[in-house]
Amino acid sequence: MEFVHSAYFPGETIAAIATPPGEGGVAVIRISGNHALEVAAKVFSGPVHQYRSHTAHFGQIHNGRGEHIDDVLLLVMLGKRSYTGETTVEIQCHGGSLITRRVLEAVLAAGARAALPGEFTFRAFLNGKLDLAQAEAVQTLIGAKNERALDAAENQLKGILSESITQFQLKLTGIAAILEAWVDFPEEGLEFATLDEICNDLEDVCRAMEKLASTFYDGKILHEGLSLCLVGCPNVGKSSLMNAILDKDRAIVSPIPGTTRDILEDHLRLNGLHFKVSDTAGIRDTEEGIELEGIRRSKQTMQQSDLVLLVLDASRGLTEEDRRLISMVPPSKTIAIWNKVDLPHPPLPALEFISVVPLSAKERTGLDHLHLAIDKLIWQNGPPSKEEVLITNVRHKEALSVSIDAARKVQMGVRKGISPEFLTMDIRQSLNELGKILGTNVTEDILSAIFSKFCIGK
């Protein structure tokens, strides 16, 4: 069901299961809205209206026919002292999917409406409990694939990103006020700041915004993970290496060339990051139709991947097919691997790649060096610290980029002596784009797109 915020009626009481589907020890049904207490009182055995805020009470849930459904704990959070900023009741029942659904059905029959995806967080946003960047961090936090991504999402939820954006807004607002004053009172000779001071202030804020925008690469890695592709000629040991990296027998290993015909994918956590690992068909000259299609897909995957592991067979040295493949791979994102170094091999020639790793996939030796090489290639300037503010959302990156461009236009205009009335348009655009990140200047379509991605019950 698509989330449409225009369908929201303030105070309307909604309910949903707030825990994942399936069996578990406890499940939570969340009720929020002006009539949350009335709805809960119809299904709970105790005097709900008499309970103080932030207290828990044991009792029974009954349906409209008076039939006992489950023994539960009921928590009451009154008024603005809740996640949504409105009266909220949470029912903790046993975690079976059937019993949880029956409790929810009783709550809905008592007068609540089924919540849409993200509607609880949307209400928190509307009621000023969270700004839009913090609201988006809720979903990012839930979907975090590793510890570093979790830290980044927690920082955003705490409002650290919002504080940075607010500081940019304050500085730009001060500059905008001066430009507006020059427009409104041109004959007064007002001197709030010199042109050089305005240019310097704009330079400072633009550099700070550019520094924040530059963290998007690191933030994207933490949030989405990376794709890693194994390429090489037939029989160099790509499938063996994939099995060694994954630490399981995922790919079929055979001495017959061309065994891998299609892209084989799996997922891996390595050095605290999430990777999608792809084993590709061996690249060579061939006329066989199915193998040709596999090779075409291999080349396509290689170009689209974030990292490439170029696997070479040390036991046979560098062949002409290897040389042709080396000319195809993107050197800036490729690690060369000499596999089968456990076998007798000729002297290995030097290769012009960022990292060249000797290892044995069969014996599973040298993998630690490969892990270090991958980490080094990803974090060429070092990994971000736990406290660093990162941009992980493409919407934030786009808004920040437009804001920077508009602020740079103002700076250029001030230097060229362009009339302030034209410059005020650009600085307003810069401020409006920053407002989109915090949610002070967003359209209905943006809100719908953001909250429709949330889980029901969050």
Note on the chain: the mean projected area of its alpha-carbon convex hull, in nm², is 30.6
What percentage of all Cα-Cα pairs in the range 1-136 are separated by more than 22 Å?
33
Where N is the number of residues in the range 17-67, Cα Rg divided by 2.2 N^0.38 Å:
1.25
Principal-axis tilt of helix 160-184 within the chain, Cα atoms, nearest 10 degrees
70
Viscosity 0.890 mPa s, temperature 25 °C: what is the translational diffusion coefficient of the range 63-157 from Stokes-Einstein with a Kirkwood Rh over Cα pairs, rounded to a whole number of µm²/s?
159
Any residue on another chain or 5+ positions along whose placed amide H is under 5 Å from the amide H of residue 18 is listed here as 28, 29, 30
Can you tell me which lysines have their Cα less than 17 Å from the Cα of residue 340? Leave out same-chain residues fewer than eight positions away.
238, 362
With N set to the residue count of the range 342-433, report its C-alpha Rg divided by 2.2 N^0.38 Å to two decimal places.
2.03
For the range 383-429, which GluC sites (Glu not before Pro) are in a loop by DSSP, counting at most 10 other Cβ atoms within 10 Å?
387
Working from Cα positions, state the angle (0 to 90°, nearest 10) between the long axis of helix 195-213 and the longest principal axis of the chain.
70
Which distance in nm do the two modelled labels at residue 181 and residue 386 give, with both placed 7 Å along the Cα-to-Cβ direction?
4.5
Running Debye on the range 358-400 with equal point scatterers at the Cα sites and no solvent, what base-10 log of I(q)/I(0) appears at q = 0.17, 0.27, 0.33, 0.35 Å⁻¹?
-0.67, -0.95, -1.03, -1.06
Figure the gain on full extension for residue 204 and residue 321 (residue separation times 0.36 nm, minus the Cα-Cα span) and round it to one decimal in nm.
36.9 nm
Could you calculate the FRET efficiency of residue 418 with residue 101 from 1/(1 + (r/R0)^6), where r is the beta carbon distance between them and R0 is 51 Å, rounded to 0.05?
0.20
3J(HN,Hα) from dihedral phi, the range 314-322, Karplus parametrisation 6.51/-1.76/1.60, rounded to Hz, x for glycine, proline:
5, 5, 10, x, 8, 9, 5, 4, 4
CD proxy at 222 nm, helix term only [per DSSP H run n ≥ 4: -39500 (n - 2.57); per residue of the chain; nearest 500]
-14000 deg cm²/dmol
Report the calculated FRET efficiency for residue 368 and residue 211 (r = Cβ-Cβ distance, R0 = 41 Å), to the nearest 0.05.
0.75
Obtain the radius of gyration and the Kirkwood radius of the range 103-232 from its C-alpha atoms and give Rg over Rh.
1.19
So what is the relative contact order of the chain, in percent, for Cα pairs below 8 Å that sit 6 or more residues apart?
18
Name the residues of the range 11-43 whose amide N is less than 16 Å from a point 7 angstrom out from the Cα of residue 62 along the C-beta direction?
39-43
Burial order of peptide ranges 202-209, 320-327, 332-339 (average beta-carbon count within 10 Å, highest first)
332-339, 202-209, 320-327
Give the calculated FRET efficiency between residue 158 and residue 224 to the nearest 0.05, with a Förster radius of 22 Å applied to their Cβ-Cβ distance.
0.55
Along the range 329-338, Karplus-curve 3J(HN,Hα) (6.51, -1.76, 1.60; θ = phi - 60°) to the nearest Hz, with x for Gly and Pro, reads 6, x, x, 5, 10, 10, 10, 8, 10, 8
For peptides 48-55, 134-141, sequence by mean Cβ density within 10 Å, most packed first
134-141, 48-55
Nearest 10, in degrees from 0 to 90: the angle of helix 132-142 to the longest Cα principal axis of the chain is 60
If the chain between residue 141 and residue 445 were fully stretched, how many nm would it gain, using 0.36 nm times the residue separation less the Cα-Cα distance?
107.1 nm
With the 1.4 Å probe rolled over protein heavy atoms, the chain has an accessible area per residue in Å² of 49
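The values are calculated or read from the model by the stated rules, or taken from the named source; none is laboratory data. Being a predicted model, the structure only gives us computed values, none of them experimental. Neighbour counts run over all protein chains shown; Cβ positions are idealised from the backbone, glycine included. All accessible areas refer to the heavy atoms of the entire protein, side chains included, with ligands and DNA or RNA removed. Shrake-Rupley method; radii C 1.70, N 1.55, O 1.52, S 1.80 Å.
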